[in-house]
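**Q** Mind having a look at this structure? Questions to follow.
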Amino acid sequence: MEFLSAYSPAWLAGLVLALLVTGAIAGVLAGLLGVGGGIVIVPVLYHLFTLLGVDESVRMHVAVGTSLAAIIPTSIISARAHYKRGGLRPELLKPLIPGALVGVLIGSLLSGVFSGQVLAAIFAVVALLVALNMAVSKSLSLRDGLPGRFGTGLIGVFIGGLSTLMGIGGGTLSVPMLSAFRTPMHMAVGTGAALGVVISLPGAAAYLINGLGVPARPPASLGYVNLLGLALIVPMTMLTAPLGARIAHAINAQLLRRLFALFLAITAARMLLGAFDL
């Protein structure tokens, strides 16, 4: 690990602690708000890689790929926890899966073409919109129930494609969209957690393959998936995701949603400014 030898033990200990805390927060938020841990993991990894001097050409790709890989176990645990509490109904999830898989394929192909700057800009812009949605107390309401097969398929493509480009679980986009179709919040959160499994598995595999042999990646990276970050983040997300799901069924999370929206807006704005060196 010659790459890390330039940093003091205290700095490296801080890095480890930051990754552990990131995993813990990501897990709680995945279970509590259905936003997917990636909305926390990606910006934190992006800024940590910036501090470590990881080349800009791969910085965002590795952050996204590592996040998608970390989301796999988190989404599985969170989805199971919601299913046990009656917060996940297969009849709501199944119509979204084909479109989501098509979206993952499109997002995976585009991720191999887009620069890190473009990926960072996409993440920042969508994250700002998500933050705005979370800060508004009254959700958008369109109609009762999802549209027909074609419309639901398009929704799945949108969620799968953007989630793959951003390195986030499907819940970040699916929860507000399902809420707009007047799906009960607990059902929307549980469905979002399950979509995270559908999206993160093929998405992480795509980033792993796309990054094989690419120069300037940080050490301990397999493709665009950093194994060191994965090893520190995943155990914490697995421990805390069920806790978030329990809290979601016990409290009104509106204040927490607004506080997280503020954090997300600040983080996204910093990423957007950094992407264009402003």
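**Q** Between ALA206, ALA220, ALA250, ALA216, which is within 18 Å of the chain's Cα centre (by Cα) and either at pLDDT below 80 or not hydroxyl-bearing (Ser, Thr, Tyr) (or both)?
**A** On inspection, the qualifying residue turns out to be ALA206.
**Q** Under the condition of being part of a helix (DSSP H, G or I) and not β-branched (Val, Ile, Thr), which residue from region 158-171 is farthest from GLY65 (Cα to Cα)?
**A** Among those that are part of a helix (DSSP H, G or I) and not β-branched (Val, Ile, Thr), it is PHE158.
**Q** Can you report the number of residues in region 47-58 which are farther than 14 Å from VAL16 by Cβ and touching a Phe, Trp or Tyr at 6+ places or on another chain (Cβ under 8 Å)?
**A** So the count comes out to 1.
**Q** Also: Given the structure, is SER108 over 22 Å from HIS47 (Cα atoms), crowded, with 18+ Cβ neighbours inside 10 Å and among the small types (Gly, Ala, Ser)?
**A** yes
**Q** Let me ask you something else. Is it the case, given these coordinates, that ILE155 is under 19 Å from the mean Cα position of the chain (by Cα), more than 22 Å from ALA69 (Cβ to Cβ) and not in a loop (DSSP other than H, G, I, E, B)?
**A** It is true that ILE155 is under 19 Å from the mean Cα position of the chain (by Cα), more than 22 Å from ALA69 (Cβ to Cβ) and not in a loop (DSSP other than H, G, I, E, B).
**Q** Still on this structure, I have one more. If I filter region 145-157 down to residues being touching a Leu at 6+ places or on another chain (Cβ under 7 Å) and not hydroxyl-bearing (Ser, Thr, Tyr), which single residue comes out as farthest from GLY27 (Cα to Cα)?
**A** ILE155
**Q** Do you know which of the residues in region 179-216 that are of a type in the set (Val, Ile, Thr) and farther than 18 Å from GLY65 by Cα is surrounded by the fewest Cβ atoms within 10 Å (Cβ to Cβ)?
**A** Among residues in region 179-216 that are of a type in the set (Val, Ile, Thr) and farther than 18 Å from GLY65 by Cα, the one surrounded by the fewest Cβ atoms within 10 Å (Cβ to Cβ) is THR183.
**Q** If the requirement is being at pLDDT 85 or above, surrounded by fewer than 17 Cβ atoms within 10 Å (Cβ to Cβ) and more than 16 Å from the chain's Cα centre (by Cα), which of these qualifies: VAL125, VAL118, VAL58?
**A** Result of the check over VAL125, VAL118, VAL58: VAL118.
The values are calculated or read from the model by the stated rules, or taken from the named source; none is laboratory data. Remember, it's a predicted structure, so these values are computed and weren't measured experimentally. FYI the Cβ positions are ideal-geometry reconstructions off the backbone, even for glycines, and counts take in every protein chain you see.
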